[in-house]
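Written out below as structure tokens is the structure these notes cover.
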Amino acid sequence: MEKIEINGNVWIKFKGDEGQDVYVAELMIDSEKVLGKFADPESYDIVIDSDTDFYLPSNDMFDKDSLTEDRVAFKFRKNVFTSEEQSGAFEGLFGAAQESHNRGLAAGPRNFSDHSRDWVTPFQKEVIRYYETRNAYDIVSDKVEVLRKEYENSIQENRGGVWLRSKIEDEFGSLETFFETFIERISEMSLDDAKKYAKEFKEEFISDTTYANSIWSGIAGFYGRYPRIPYGRPTSYTDHHRETFEKCYPFARKLDAEFKRMMPERWARQNEYVKQVDNRFIIGEDTTFTTITVNTTTTTRNARMAFHRDAGSLNNGFSNLTVITKEGKNWQGGYLVAPEVRVAINVRPGDLLLVDNMRVIHGNTPIEPPETCEKDFLRMSLVFYFREDMLKLGSWEYEITRREYVDSRRLNPSHPLWRKHWNGVSPNMWYEKEWYDYLSSKLGEEVLKKYHPESVETKSSGLESFFGV
Ligand SMILES: [Fe+2]
């Protein structure tokens, strides 16, 4: 057993039974000091380059020596995935973040009326800027309409940025109407809320190298309900490229098997949740993952992440991070850094990193072209996880019926609530006779009773009062 001490920080290190290095940190830097900052060489003292298990300090004075799974910050294994598994994942998932390509920057000016809805128009840009920079003296009630008029015939600049289509589809449902939905939402907000929302909206949905800190990222697999997309569903990438997406299954299965072997208790807990979800919402129908976050970095796309914790995945589960590249391309840097324990991990293609990323703060150092040769490089990082909100979903058929119901309302101009740009959603819509009738006509009375027992109760209490009982 070895004691490592650097600048007053201490780690214990010894060999584990698989020949891996085992580290136990005896430090935990205050998160306030690190969150939101970018990782740099000052953020770590130790670089992990070989098989390693890394444990956090114990909070329990009396049980300091037991290295339970709950104390694992990460487990790292080199060369877990074969090149076939990696290329399957690459082919299956690269497209998930494809929409964020800043394509056409060199293509010159174009008129945005010609179906190029990916481009951020000058009008859209000005609306966002208005809400972002507005102060109490600038509030003009019809400002948006004034801008609309002003930019009616303007020619699209070639540097306006590009909408991240799949992200927009996931959040807003429709590429046709999302901007009007945005205007609707923001116009109802207070000055401060609108300012914040405009900034978040810009950062999240526009890819543009002129916007610092934009993240090139996409989502594959399955997603839960949102207020504006109130049904479980495949993400738009998975929906539109199902066959391609499925090429990542061998990779996902290998990952799941390694997760089970290396973290049996965490895996078992996660698997208990998986059993509660229709397996058509599970990647490969037989893993413990619902969703994959895909970040790609190339010379023109940067996915450098400031220090953060992840949200949305299962508290009791674990995330699984891997990186892959396209054959012949490479990179240097891009260490995953855990600043609270001052450690950096050099994850290379085919390696596996099981990391408690809801608990452990992490970010990465800049990703750069390899020293050797050409500037061309590509790094794709994949995080497979179980989304906690999937537990709220009904069966696949039930969620599909919810989707069809929303669409049928949205596309029906004679619906009493229909208006231009309506997304088909209304308050209380899942507790109304209209939905109960739709659902029972599609899936039958039994399904209605199962998911909406209140529909039956309402009916009988209605009858009771009708008969004066
Ligand atoms: Fe993260």
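For T181, the requirement of being assigned by TED's automatic domain parsing to the domain that holds T291, assigned to a helix (DSSP H, G or I), within 30 Å of V406 (Cα to Cα) and touching a residue at least 12 places away in the same chain (Cβ under 8 Å) is not met. Considering every residue within the stretch 409-419, establish whether at least one is among the hydroxyl-bearing types (S, T, Y) and in a helix (DSSP H, G or I). Checked the stretch 409-419: no residue is among the hydroxyl-bearing types (S, T, Y) and in a helix (DSSP H, G or I). All of N330, N364, N346, N302 fail the test of being within 16 Å of the ligand (Cβ to nearest atom) and modelled with pLDDT of 75 or more, apart from N364. Each residue in the stretch 43-65 was checked for being modelled with pLDDT under 90 and open to solvent by 50 Å² or more (accessible area, probe 1.4 Å), and 7 of them qualify. Restricting the stretch 312-327 to residues that are of a type in the set (S, T, Y) and open to solvent by less than 20 Å² (accessible area, probe 1.4 Å) leaves a set whose member that is modelled with the highest pLDDT is T322. Quick one: how many residues across the stretch 194-228 are in the same structural domain as Q86 (by TED's automatic domain parsing), at pLDDT 90 or above and outside any strand (DSSP E or B)? Matching residues across the stretch 194-228 total 2. Among the criteria (1) within 28 Å of the chain's Cα centre (by Cα); (2) in contact (Cβ under 8 Å) with a residue 40 or more places away in the chain; (3) closer than 28 Å to I324 by Cβ, the one V22 does not fulfil is (1). The residue list F245, F251, F281 contains one member that is outside the structural domain of I400 (by TED's automatic domain parsing), over 18 Å from the mean Cα position of the chain (by Cα) and not acidic (D, E), which is F251. In a residue-by-residue description of the stretch 224-246, the property of being touching a residue at least 12 places away in the same chain (Cβ under 8 Å) and out of contact with any helix residue (DSSP H, G or I) (no Cβ under 9 Å at 6 or more places or on another chain) applies to at least one position.
The values are calculated or read from the model by the stated rules, or taken from the named source; none is laboratory data. Everything numeric here is computed off the predicted structure, so don't read it as measured data. Neighbour counts run over all protein chains shown; Cβ positions are idealised from the backbone, glycine included. What goes into the accessible areas is simple: the full protein's heavy atoms, side chains included, and nothing from ligands, DNA or RNA. Shrake-Rupley method; radii C 1.70, N 1.55, O 1.52, S 1.80 Å.
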